[in-house]
Amino acid sequence: MAEMMWAGRFSKKVDDTVNAFNSSISFDARMYKHDIQGSIAHATMLGDCGVISKDDSETIIKGLKEILADIEEGKLEFDPTAEDIHMFIEAELTKRLGSVGKRLHTSRSRNDQVALDLRLYLRDEIKEIKELVHKFAVTLTELAAKHTETIMPGYTHLQRAQPVTFAHHLLAYVSMFIRDLGRLDDVNKRMNECPLGSCALAGTTYNIDRQETSDLLGFDRPMINSLDGVSDRDYAIELGCAISLIMTHLSRLSEEIIMWCSWEFKFIELDDAFSTGSSIMPQKKNPDISELVRGKTARVNGNLMTLLTMMKGLPLAYNKDMQEDKEAIFDSVDNVKLCLKTCIPMVETMKPYVHNMRNAAARGFINATDCADYLVKKGMPFRDAYKITGTIVAYCIDNDLTLETLPIEKYKEMSQLFNEDVYKAISLDTCVKGRKSFGGPSPDAVKVQLDIVKKQLGM
Ligand code: ARG
């Protein structure tokens, strides 16, 4: 059992249950590298400022580097009875260096230490998440570029509404993921301030240099208020929120993929390597990945709620409640990375069935707006054109016809403005090509869009 660093004040050993309850090493050990990185900066600064001797500073730094190497080479294992990663590394340092090791914690508290470690850790994770989101956006954009002419139905209320293209549909998601990249940048920008030197809550009487540690660790500046330095977890909440939005976008796409795979749609076929079978029904090929992504979005949203609720009633400054931040944000980080890593190759390998998309677009009176617009272009007010077209659609439904197969005589009965050219005006290709307003689905408009997102993604 690791001896508690704070044993001096106590006459009894802490109860084993309490120790286990209190300990966070099982989940904060993953921050070992960042803890050591922070300690090295701290020791450097203490040496430079003369708070400890240069010799001691160098000895401590060397010892910390050895501990890091030993952990990475598997020579040093985390002690599960240690209180947390911070205590574990400090105790290990002291075990190796004797009393010199005990000087590291001068002018520092675990409160600013943990605040620092979490920022450093999440800064690295944000970089990784950004790379994955970027890669996914690139994957979708590349797929879109191949399908600027692939007509599919666009939906509202999950009812066929107006024709779009597969490229247009995919690029809607690319826009979402580009916003996600921006959001991750925003989190990073606000998070990249250094809490080290806030100490327990009230700074320190030692002559320290907070600018130096901030610079050494690549922060933009030291945080300007020591109480805020140790109390703030906004960055974890903001990141949790940014991740929830990424997952929301992934989840919506997953829902569509699940539908598109069904026999009712059959717009796409997933690669066998990215689908699963049933234990009883031999015909089944299930989109489990997409379902899991949709499911995991729930827990990620739960993590965000955990963080918000954990913080909402806390008085300044540090409270142990805040130890609960890690499992929540780590779980969100882990899961969003896992989902992105799985979705990228799944989308890369899925096969679109362009004929099925087109066939679906050819049914469901998806060109009714265009039929009304035809009358408007011949001078009829839109509301009148809308009503006449509605009557035509109802007639077609009753008589098992489509707008394409309704005879011209019937059209003329409804309005004298109709001519033979109506068939061209309501053809799917005309409907899509005509929607060339900026941001629209026509192949030309989508090419403009593609150019913009490619530039944004540096493709
Ligand atoms: N394991 C703690 C946490 O994650 C570290 C900070 C402990 N500070 C303290 N004053 N007990 O929050």
- Query: When residues of the range 76-91 are filtered for being over 10 Å from SER24 (Cα atoms) and either β-branched (Val, Ile, Thr) or modelled with pLDDT under 95 (or both), how many remain?
  - Reply: 1
- Item | Scope the range 16-43; condition among the polar types (S, T, N, Q), in a helix (DSSP H, G or I) and surrounded by 19 or more Cβ atoms within 10 Å (Cβ to Cβ); matching residues | GLN37, SER39
- Scanning the range 21-39 for residues that are within 13 Å of the ligand (Cβ to nearest atom) and hydrophobic (A, V, I, L, M, F, W, C), the one modelled with the lowest pLDDT turns out to be PHE21
- If you scan the range 435-451, which residues turn out to be buried (at least 16 other Cβ atoms within 10 Å of the Cβ) and not polar (S, T, N, Q)? ARG435, GLY440, PRO441, PRO443, ALA445, VAL446, LEU450
- Item | Residue check for ALA385: in a helix (DSSP H, G or I) and small (Gly, Ala, Ser) | yes
- Filter the range 3-15 for residues that are under 20 Å from HIS105 (Cα atoms) and small (Gly, Ala, Ser); the one that is surrounded by the fewest Cβ atoms within 10 Å (Cβ to Cβ) is GLY8
- Item | helices (runs of 4 or more DSSP H) wholly inside the range 109-227 that include at least 1 residues being within 16 Å of the ligand (Cβ to nearest atom) and over 30 Å from PRO352 (Cα atoms) | 110-145
- Residue among ASP56, ASP79, ASP70 that is part of a helix (DSSP H, G or I), among the acidic types (Asp, Glu) and either surrounded by 15 or more Cβ atoms within 10 Å (Cβ to Cβ) or at positive phi (or both): ASP56
- Task: Can you give me the number of residues within the range 312-354 that are among the aliphatic types (A, V, I, L, M) and within 17 Å of LEU227 (Cβ to Cβ)?
- Result: 4
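Residues are listed down the side, and each one gets a yes or a no for (1) more than 14 Å from the ligand (Cβ to nearest atom); (2) in contact (Cβ under 8 Å) with a residue 24 or more places away in the chain:
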{"residue": "ASP15", "(1), (2)": "yes, no"}
{"residue": "ASN19", "(1), (2)": "no, yes"}
{"residue": "ALA41", "(1), (2)": "yes, yes"}
{"residue": "MET45", "(1), (2)": "yes, yes"}
{"residue": "SER53", "(1), (2)": "yes, no"}
{"residue": "PHE78", "(1), (2)": "no, yes"}
- Query: Given VAL354, VAL347, which one is away from the ligand (no atom under 16 Å from the Cβ), among the β-branched types (Val, Ile, Thr) and under 28 Å from the mean Cα position of the chain (by Cα)?
  - Reply: VAL347
- Taking the condition free of Cβ contacts under 8 Å to residues at least 40 places away in the same chain and part of a helix (DSSP H, G or I), does THR309 pass? yes
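The values are calculated or read from the model by the stated rules, or taken from the named source; none is laboratory data. Because the structure is a prediction, the values reported are computed rather than measured. Virtual Cβ from ideal backbone geometry, glycine too; neighbours counted across all protein chains shown.
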